[in-house]
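See structure below.
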Amino acid sequence: MAERVEQRLEDRIPELEQLERVGLFTRKEIRAVLRKASALEYKIQRRALRKEDFINYIQYEVNLLELIKKRRARIGYPFKKDEIEYSILHRVHSLFNRATGKWKDDVQLWLSHVAFCKQWNAKHQLSKVFSTMLAIHSNKPALWIMAAKWEMETRLSSESARHLFLRALRFHPECPKLYQEYFRMELMHAEKQRKEKKEFEQAKMDLGEFNYSEEILNGEMARIVYRDASQKIKGVEFQLAVLSIAKLFDFTQDLQKEILESLQARYADDPLTWDYMARRELELGSLAPTEQTTKQKKVSEMAQREERCCAVFDEAVRAVPTEDMWKCYITFCLERYNRKTNSAELKQKRLERTLSVFSKAHESNLLSEALYKQWLQLLLDSNLSEKAVEVAEAATRHFSQSVEIWQMRLRVLIQLKREDVTQCFEEAIKHVKSKGTLPLWTLWVEWSEGTNSKEDTEALYQRSLHATTPAETVTMKEMYLDWTYRNCGYKKVKRLFTSLCENRPFSLDFFRKMIQIEKEQESCKMLHLREYYERALREFGSTNTDLWLDYIKEELSHPQGKPENCGSIHWRAMKMLQGDLVEDFVSKYTLLQTGHL
């Protein structure tokens with residue numbers, strides 16, 4: 001091993017001598033580089049290799065390259081790159097090759113090598129890296145796309161890019177993303193050739209020696225890719241993705257027409273097809289004005305376009321009366337309504353249209369739970385309170401098991417200060433299963449605190465403890481304790497705490513709340529605090545270090561505390577805490593003893 005390391009260090013000597021000779025590094029720095037290189041070399045020559053050692057070595061060499069680059073710029077010395085940088089680059093590539101050979105499955109390592117090649121413009125080496133990587137990771141379409149994109153955009157080789165895409169499709173014959181990017185590449189190739197031909201014609205050069213096929217110039221290769229893909233890949237999403245790519249190029253009108261016709265013929269019953277056709281009306285008819293257009297004309301034109309879109313959507317919901325179709329229609333209306341406009345008339349028209357579509361979808365019984373929420377929110381934002389009450393009631397009829405829908409209805413009633421709030425709460429609790437009713441109970445008691453008498457609110461709290469699941473009672477206990485202290489005083493909350501402690505489960509905050517209440521009293525008794533801490537430790541002593549430390553602090557700082565108890569508390573904590581928590585407790589306890597906590 002030592003011989004190999006010495007040989008590699010000797011191989012560095014020519015480049016290091018050049019660095020010193022041209023004044024980029026001092027002799028002291030050269031020695032430091034050798035020492036560091038020696039340490040790194042020994043690590044990667046061991047029998048048990050570690051990936052981190054290779055990464056650290058590569059990072060060191062990259063940092064060295066960056067430093068040399070900066071020093072060259074500072075002293076203005078651009079020569080001897082073959083003898084300095086190229087030697088280091090060769091070594092980095094060698095390190096990457098060894099690392100990727102050892103850890104072939106680490107894609108991030110391969111991508112790091114790709115990024116390094118791109119950064120230092122090592123095109124020949126990058127081509128080799130892509131070739132080896134794709135042979136090993138042929139199951140990852142994204143890597144094929146990356147390699148083809150580099151061939152097309154950096155090496156300007158559409159033929160190589162096409163070859164890579166065809167190879168990739170042999171491994172992934174039904175990958176939509178591959179076909180989309182292949183389709184885009186063929187259109188880019190056609191566009192590049194069109195530009196070349198135009199420049200030659202403008203320069204009045206003879207095109208005899210150049211073979212520009214009209215079919216390729218018109219995107220015929222892309223058309224072939226699309227037809228092949230559409231036979232293998234089903235679904236309207238792919239068709240729309242290809243169509244959006246075709247629209248980026250100004251010579252694809254015929255191709256766009258073919259895709260659109262295929263879309264309408266094969267996916268006429270798909271909501272996304274209708275959604276696209278409707279939204280397309282926004283783009284149609286927007287001819288450039290010959291003279292300055294007034295704001296009123298712009299508003300009028302936009303209103304007409306939106307009407308055309310809605311006409312298509314109206315036809316769509318008649319042809320495809322599904323929940324998804326109505327969702328597309330409503331989403332479009334909400335998008336238009338939320339767009340900023342200075343025209344109050346257009347804003348009002350959009351609002352009326354949106355509310356009308358919501359009503360129609362509701363009448364058809366095809367409105368989802370999420371859309372009911374959006375409808376309610378829109379009505380409340382528009383100050384249409386009475387209508388909001390009606391819609392909320394209808395929503396709870398359709399989704400009687402949904403806690404969120406009941407919450408929205410109750411909030412509407414509370415906001416409007418309606419008299420039937422209690423009745424609605426009772427109805428909600430009756431319909432919704434006991435599991436998951438916590439949000440309803442918390443809303444009910446919060447409303448009751450501000451509206452009903454103390455007796456009614458207390459009865460409601462008691463009822464909630466029996467009606468909710470054990471896990472949910474934890475939150476209700478905390479709220480009950482807090483409300484009792486605020487409204488009934490210390491003695492009552494102490495009795496309540498003792499009563500609530502009879503039934504598990506508890507939360508840590510429940511005990512901390514009671515400890516805080518005791519500390520707020522003028523005559524705060526350590527006896528009571530000990531009781532609360534001991535109760536809390538019985539429940540959470542094995543999982544919470546801070547609770548033990550707070551107990552110790554209390555004994556140390558309270559006027560009635562007994563510092564001599566700290567030793568026994570520490571001993572109990574060491575016995576009770578689990579796993580790594582013991583170490584955590586010891587370190588915190590040491591900080592407490594030294595006054596740093």
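General remarks:
- The chain, helix-only ellipticity at 222 nm - DSSP H runs n ≥ 4, -39,500 (n - 2.57), divided by all residues, nearest 500: -24500 deg cm²/dmol
- Region 135-149 - phi-based ³J(HN,Hα) in whole Hz, Karplus 6.51/-1.76/1.60, Gly and Pro as x: 5, 8, 10, 5, 8, 10, x, 4, 6, 4, 5, 4, 5, 5, 4
- Cβ-derived FRET efficiency at R0 60 Å, Lys28 paired with Ser262, nearest 0.05: 0.25
- Virtual spin-label span in nm between Arg98 and Gln7, 7 Å along Cα→Cβ: 1.2
- When peptides 538-548, 507-517 are ranked by their average number of other Cβ atoms within 10 Å per residue, the highest-first order is 507-517, 538-548.
- You can think of it this way: the chain between Arg46 and Leu248 has 67.2 nm of extra reach, that is 0.36 nm per residue less the Cα-Cα gap.
- Placing a label point 7 Å from the Cα of Ala303 along the Cα-to-Cβ direction, the residues of region 344-358 with a backbone N closer than 16 Å are 344-354.
- Exposure of Trp274 as accessible area (Å², to 10), given a probe of 1.4 Å and all protein chains: 40
- Derived scalar couplings between HN and Hα for region 118-131 equal 5, 4, 9, 6, 8, 5, 4, 5, 4, 4, 5, 4, 4, 4 Hz in order, rounded to whole Hz, by the Karplus curve 6.51 cos²θ - 1.76 cosθ + 1.60 (θ = phi - 60°), x for Gly and Pro.
- Gap separating the Cα centres of region 346-423 and region 8-66, nearest whole Å: 70
- Couplings for region 53-70, taken from phi via the Karplus curve 6.51 cos²θ - 1.76 cosθ + 1.60 with θ = phi - 60°, read 5, 5, 4, 5, 5, 4, 5, 4, 5, 5, 4, 5, 4, 5, 5, 4, 4, 5 Hz in order; Gly and Pro are left as x.
- The spacing between region 520-577 and region 449-488, judged by their C-alpha centroids, is 28 Å.
- Unsatisfied cross-links (Cα-Cα over 25 Å) in the set Lys43/Lys123; Lys69/Lys118; Lys198/Lys247; Lys295/Lys347; Lys118/Lys247: Lys43/Lys123; Lys118/Lys247
- Ellipsoid semi-axes for the chain, based on the Cα gyration tensor and the rule √(5λ), read 61, 51, 21 Å when sorted largest first.
- Relative contact order [Cα under 8 Å, 6+ residues apart], the chain, whole percent: 4
- Shape metrics for region 522-596, restricted to C-alpha atoms - Rg then Dmax, Å: 12.2, 40
- Here the calculated FRET efficiency for Tyr77 and Asn139, from their Cβ-Cβ distance with R0 = 60 Å, stands at 0.80, rounded to the nearest 0.05.
- Anisotropy class of region 179-261 from Cα gyration tensor, a/c 1.5 cut: prolate
The values are calculated or read from the model by the stated rules, or taken from the named source; none is laboratory data. What you are looking at is a predicted structure, and each value in this text was computed from that prediction instead of being measured. Note: ideal-geometry Cβ built from the backbone for every residue, glycine included; neighbour counts use all protein chains shown. Only protein heavy atoms, including side chains, enter the accessible area calculation; ligands, DNA and RNA are left aside. Shrake-Rupley method; radii C 1.70, N 1.55, O 1.52, S 1.80 Å.
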